[in-house]
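A.B. asks: Supplied in structure tokens, the structure appears directly below.
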């Protein structure tokens, strides 16, 4: 007597739904006629789609109950540590060296410093918001004349810095920390993001005028690319 083979269509469908549900759906549409004809005594085989939903729900609940690893907090502290690693504190020197490179040298150097933090002091040209509402300060390494256009840097700030920025006007000296984020060859501009306003260090200098020894020393330090902070502040106060 010939033995009739058992139709395992529903078992195959359920297995595919659980392990590879897209393949299970495709299998159902191909074998749906055979599946409907199969009579099973096991309830979950008689309702493979319902069983699949229950299994997926249980799996989702299991995943949601798993605690989030604490590695996130470690990563965040690592980021905070990296943010305080300042690679440059002399804007004029950085700018002059950067734009004296060839295009090829500049691209290579930028790959090394992109995303790293600097602490720069510069003259404020404009304090404004861009079209996306981001706070932006345009600045220059030297004080702009009446007919000067363009800026050496565009610095983007987080919203928590707004009250500090309200205290600055055109021509003021500002010190910031920020992340190197972009440079433009056409306008020769080096931009910062995630910037924060820092207290500008107070530099003592004599009020003997532009030709005083103290002013000359500050000017020499700036022209040699050592430090322009003191000279910028002295100029801003009208003492040099």
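The values are calculated or read from the model by the stated rules, or taken from the named source; none is laboratory data. Predicted, not measured: the structure shown is a model, and the values here were computed from it. Reconstructed Cβ throughout: ideal geometry from the backbone, glycine too, with neighbour counts over all protein chains shown.
A.B. asks: Could you tell me whether the range 64-78 includes any residue that is within 21 Å of the chain's Cα centre (by Cα) and modelled with pLDDT of 90 or more?
C.D. replies: The answer is no, given that none of the residues of the range 64-78 is within 21 Å of the chain's Cα centre (by Cα) and modelled with pLDDT of 90 or more.
A.B. asks: Follow-up. Given the options 128, 103, 114, name the one that is over 17 Å from residue 181 (Cα atoms), surrounded by fewer than 17 Cβ atoms within 10 Å (Cβ to Cβ), out of contact with any helix residue (DSSP H, G or I) (no Cβ under 8 Å at 6 or more places or on another chain) and in contact (Cβ under 8 Å) with a residue 40 or more places away in the chain.
C.D. replies: Result of the check over 128, 103, 114: 103.
A.B. asks: Kindly indicate whether residue 139 is under 25 Å from the mean Cα position of the chain (by Cα) and over 19 Å from residue 117 (Cα atoms).
C.D. replies: Judged against the criteria, residue 139 is not a match.
A.B. asks: Filtering the range 173-194 down to residues that are touching a helix residue (DSSP H, G or I) at 6+ places or on another chain (Cβ under 7 Å) and in a strand (DSSP E or B), which residue is surrounded by the most Cβ atoms within 10 Å (Cβ to Cβ)?
C.D. replies: Among those that are touching a helix residue (DSSP H, G or I) at 6+ places or on another chain (Cβ under 7 Å) and in a strand (DSSP E or B), it is 190.
A.B. asks: Quick check on this structure: which one of 205, 147 is at pLDDT 70 or above and in a loop (DSSP other than H, G, I, E, B)?
C.D. replies: After ruling out the rest, the residue left standing is 147.
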